């Protein structure tokens, strides 16, 4: 890191917004991926898109790595500067630039908090659909980097389905507009390429997202089962019956007990699993669809079936789900949250396999996940102070992901690859597949400066320290 | 505009001979695909000089591979000979994307038409590119499933062609375009190697290269298999025809319907000229004296469709509708859709040629844009038939003309450019679903900066370093990038129009 | 952005003669095709070959190119035009209502009959000397009947394969030809209409019983039925094979004969004949003497099913207990747009169940003499058809056209499915007989 680059960056963003001393920068060495960290050489907090571009150009001339970060809630270590360099933190770019209620779009800066988009558009009867568990904290820019999902993706799709247009700064400081506010823009779908590219292709400085109309009526159903297997079978059958709930979430006994201890959401603490099923429809149809779901659930020995009777009860049920991961801190000092995907039809089998893996490694695994999507989040509880335990956790995690891939699934549904699953990419992709991605990477970032060491395996060993003293962030 | 003299025979133009190269390529291709599947005689290749657009250019060779391995070998052979490759499905494209602008080898994928594994529980199907769009749905309809993208040409167009153009259709309004229904594609790259992009699981890790391929108009490689998403048939589908005395009322009703928060599965408009054509060609019972009709379809649970119909009916009545007809039987519904889907093809009853635009505008700008289209028609003295996806703001003004009238084509192209300009100025775009192809490539600089186009060019080079797949398409010819933004469209030299 | 691949081009062989425009092909129907391509998948030959040269749009494109002098009407060109079955399924599919049949007929007129010089000579002889003379047809069929019963068939195994296959297509000639007992057969019951009946050229010889059944059904529905002695062959085969001179002469003769009869309708029970006769108006549009008469005549022509549905069936229909599937003859469904009426008549027969087959309006491959000129394509289409029929599990097929009946019968024999083939009038006649027996 040359003094002249720091000087230049200070000129661009103002000296208050260039951090270089360890007591300032240390907080940027880690995100919500609890097992690794690496220190940036400098942290820059630009205040405008123009400052981002200028900062990128300045680093381009010197040729240092460039890492972009939002709220740092990512679960794969994607914002950890494993090769050092300059980190651009975009949290100051938090303006909602335009809301067009008739065209149902919002144009925002990348540092805008996900939930704020919905809050600002509620008055127009609209909302922004992607709802990751971290939506109260995570930024739109970070959501784009990881193509984030959420419980309601089942009906609405992930972030990529809701991003219309973006301004992207390439590694050389060129501004490219990708996508379009109108449907199916001409040329290559570069917007789709940028979404989910984890900061390796460019830096997004302005985004136009699609807004949806709020549903007329919502019903939230809670189905309690003695076993995960019964719950999994119910999920499969509901989907096979052609019903698409807006969300269908599963919470197993392990997580339920933690949630109940933390927030008393009203889950039975001794059950095997619950399904949280949300249906949005025309008011008159809700009862009928609810009855059909109930009929299917009844075939699988439910202990209890009930509908949320009030908005408050509904909120509480969801709070339990969304804060479920955080509540696990009550059961163990740390956890390793996975993000595998399986075809829905394979769900019961894979869930049995996850339980076997837990037994084999003598570990406790909690499950809370998007069952309707087949997007699992097996969460392995552990205590980093127990010698050798982390190794077992890592081994079990690898086996779980392998089981997902073997079932025809994938290694990530919504959290991204980052550094965590970079080497597992080879399970899914051939060398030719990866080479095609590398060619695309070079087309945008010929020098490999953008978020190096992430997403694509590059043959180099991971340059980060495994953490052994971490505790869950909740 | 440079046009070739129509009276000169093919092969008598400026094309340079490269006999030895082509002769040995033909021998090689015959060895690969079999003699019956390699066409070189003018009486054979001439039918591949045109697609659904008005542009023509003769290929030297047409080859119809019967397997993925044959596609690979053909690509290798043609690229080794330095001959451009132009992929083709059913040739129903409307932007000249399958017209071999610079000559070369047309690879027709019509014989690769097998439907592979259909997984109804996982709701996916593996299809080859030559499979006809409608056949995908036909095969699964008895089990209560369907394939959502439904371009008007769906009875004839191929899934591969749809992938290349990221095709839409009337039901795009509810279901999105082809890319939203494509989970993965296997492609053959410039070196003949195959590559799977995407897969059965949506939103997989890594770059979304499947998404890049969908809509790339054959410029990156050749799709030889696709995994498409299947959908469950809706419980209830209802269709309504609203007849308007004035176009302006019809466009306002479109804005009102969507403004009221109703998202119909389809919201289609046809103007008087189109109605006239449909009724002349294959009558569907549309009133000929109406200025516009709207075809509105709602889908979902019964309770919803019934109420949505009532609401739409009420909005139409507030909007000075002349008549609202609700299809009471499936046969009545099919009759209405047959008229809509045949609308393009029926324009032949009014004029020998039409030039279709595919502009997009924000829905709220629809009324003024339609007025502007009518003004442009008057100003250029051309007749325009409008049939389009009103709910998406995706216009299809069809300029009717007779190619043989001297000067007619020039006027038509200028009028088309003016219409697209009006769409772009209204905050819209050049194409909603037909693609850029040959016809609209010079307008790309209206919506993209040089940096934007440069990024796309780099992606192209990443896949196809020598740009031998479908050359001359999508991207403006090099000097145009810096040209005045209002430069008239150039039809590349050597093209027959 | 693309420069590295230099386009290289195959020049046309310099020895090819420079093509000349062909004014007689510059017909207005060509202008109506806007190249949308919706016809492709409805075309049987495109479905089999996947070649656009064998599609309606491709053939129209070829004809247009030849008309403009961009290509010459070579042998290869002729092959594309003659691989067409003339089923006109594309006309049903075409949103612009392009009359493909007329374009193809114009091209075939320029090309002349298909095939090798020898087969052209034979065909020409047949078109000019045989079809126009029903007496000669009758003599030929008698010879054929003699041959079939003489034991001479054993010799056919000595024939080359192609001829042997053609021989196998020959239908057995029945013992008795159609010979109406009088030129006018009166209505049974109150008279409701006076019609003339086209007995046809092949029908009376191979399907005499169907003609008799048709006449009985018409009479039971209160029709006086005239069978004019001077009528001739409808000329469908001539029109389809570019033999327009003979075709026009044959048309004029039929027009004179039938118009002189002074009837309410001219009833046809063969779809191919009906379609051709409904287009006499077009065939003779440039004939100053006959243009108007031809129009008038064409208005009178009705398929038997079309006529009976318009008239309304009368009389007691008895049960005919069978499950059938219905094959839409191309020249009824596509050529005359008659689809509903035959189904309505079948529905009127008590005890009869109709199970629809997949693509009932796709050509069975018969197509006039097509099964002889293009046996392979014809066979492929027939195989598909037999498979569709088999999937319905019906034990009978109704196909109101002699060509389709012969073709499907030969398919049933080959596949040994035991499916029987009926004309619609056969079944109606049976129903009336059953009704009579019951009352």
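Values in this text are rule-based calculations from the coordinates and carry no lab data. Nothing here was measured: the structure is a model prediction, and the numbers come from that model. Using ideal geometry, Cβ is built from the backbone for each residue, glycine included, and neighbour counts are taken over all protein chains shown.
Just a few scattered comments:
- Förster-model FRET efficiency, 22 Å R0, residue B:36 and residue B:69, C-beta, rounded to 0.05: 0.80
- The mean number of Cβ atoms from other chains found within 10 Å of a Cβ in peptide A:189-198 is 6, as a whole number.
- Across peptide C:67-79, the mean count of Cβ atoms from other chains lying within 10 Å of each residue's own Cβ comes to 3.
- Principal axis dimensions, largest first and in whole angstrom, of the protein assembly as shown by Cα: 116, 75, 70
- A simple spin-label model places pseudo-atoms 7 Å from Cα toward Cβ; at residue C:264 and residue B:310 they are separated by 5.0 nm.
- Exposure proxy order (Cβ contacts within 10 Å, fewest to most) of B:474, B:40: B:40, B:474
- Residue-averaged 222 nm ellipticity for chain C, from DSSP H runs of 4+ at -39500 (n - 2.57), nearest 500: -14000 deg cm²/dmol
- Anisotropy class of segment A:32-109 from Cα gyration tensor, a/c 1.5 cut: oblate
- Label-to-label distance for residue C:337 and residue C:314 is 3.0 nm, based on points extended 7 Å past Cα in the beta-carbon direction.
- Segment A:124-173-segment A:327-380 distance, computed between alpha-carbon centres (Å): 24
- Shape category assigned to segment A:72-159 from the gyration tensor of Cα positions, a/c cut at 1.5: oblate
- Helical content alone sets the calculated 222 nm signal of chain A at -10000 deg cm²/dmol, taking -39,500 (n - 2.57) per DSSP H segment of four or more residues and averaging over every residue.
- Cut-off 14 Å (backbone N to label point 7 Å along Cα→Cβ of residue C:387), residues of segment C:344-377: C:358-359
- Protection proxy ranking, highest mean first, for peptides B:444-454, C:328-338: C:328-338, B:444-454, where packing is the per-residue count of other beta-carbon atoms within 10 Å, averaged.
- Modelled this way, with points 7 Å down the Cα-to-C-beta line, the labels at residue A:284 and residue A:303 are 3.9 nm from one another.
- Chain C - percent relative contact order, Cα under 8 Å, separation 6 or more: 13
- Using the average count of surrounding beta-carbon atoms within 10 Å as a protection proxy, the listed peptides B:49-61, A:86-98 rank, highest first, as B:49-61, A:86-98.
- The calculated FRET efficiency for residue B:263 paired with residue B:325, based on their beta-carbon distance and R0 = 25 Å, is about 0.70.
- Peptide C:37-48, shielding by other chains (average Cβ, 10 Å cutoff): 5
- Entry note, segment A:233-333: relative contact order of 37 percent, from Cα contacts under 8 Å with a spacing of 6+ residues.
- Relative contact order %, chain A, counting alpha carbon pairs below 8 Å whose residues are six or more apart: 17
- FRET efficiency for the residue A:241 to residue A:458 pair, using the beta carbon distance and R₀ = 35 Å, is estimated at 0.15.
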